[in-house]
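Chemist: Okay, handing you the structure first.
Please treat every number below as a calculation from the coordinates, not as lab data. Remember, it's a predicted structure, so these values are computed and weren't measured experimentally. So basically every Cβ, Gly included, is an ideal-geometry build from the backbone, and we count neighbours across all protein chains shown.
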Amino acid sequence: MADALGQISIGELKGIGPAQSQKLSRLNLYTLQDLMLHLPHRYEDRTRLTPIVNLVPDQGAVIEAMSCTPKYNLVDGAVCL
């Protein structure tokens, strides 16, 4: 399958004309496989979650959090239920 994708020119795709094909060639994208494997310049993998305890200062990370509306407003703070 990968060989087949490497043989299909971007110009054969619906909606990709000569002008768009020329713009994509500036990014070295010539085949459907090139297009599918192309990652943005600032690609960030957001699939790996980092526990808050493992966060490092000045290092990017993805965390998972839940936001809630306080149910009880105590003197010490709020409690989410």
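Chemist: Using amide H atoms built 1.01 Å from N in the peptide plane, name the residues 5+ places from THR31, or on other chains, whose amide H lies under 5 Å from its own.
Modeler: Placed amide hydrogens put ILE10 under 5 Å from THR31.
Chemist: Which order results if GLU64, GLU12 are arranged by neighbouring Cβ count within 10 Å, fewest first?
Modeler: Listed from fewest to most nearby Cβ atoms, that is GLU64, GLU12.
Chemist: Quick one: if you stick a label point 7 Å off each Cα along the C-beta vector at GLN20 and ILE8, how many nm between them?
Modeler: 1.4
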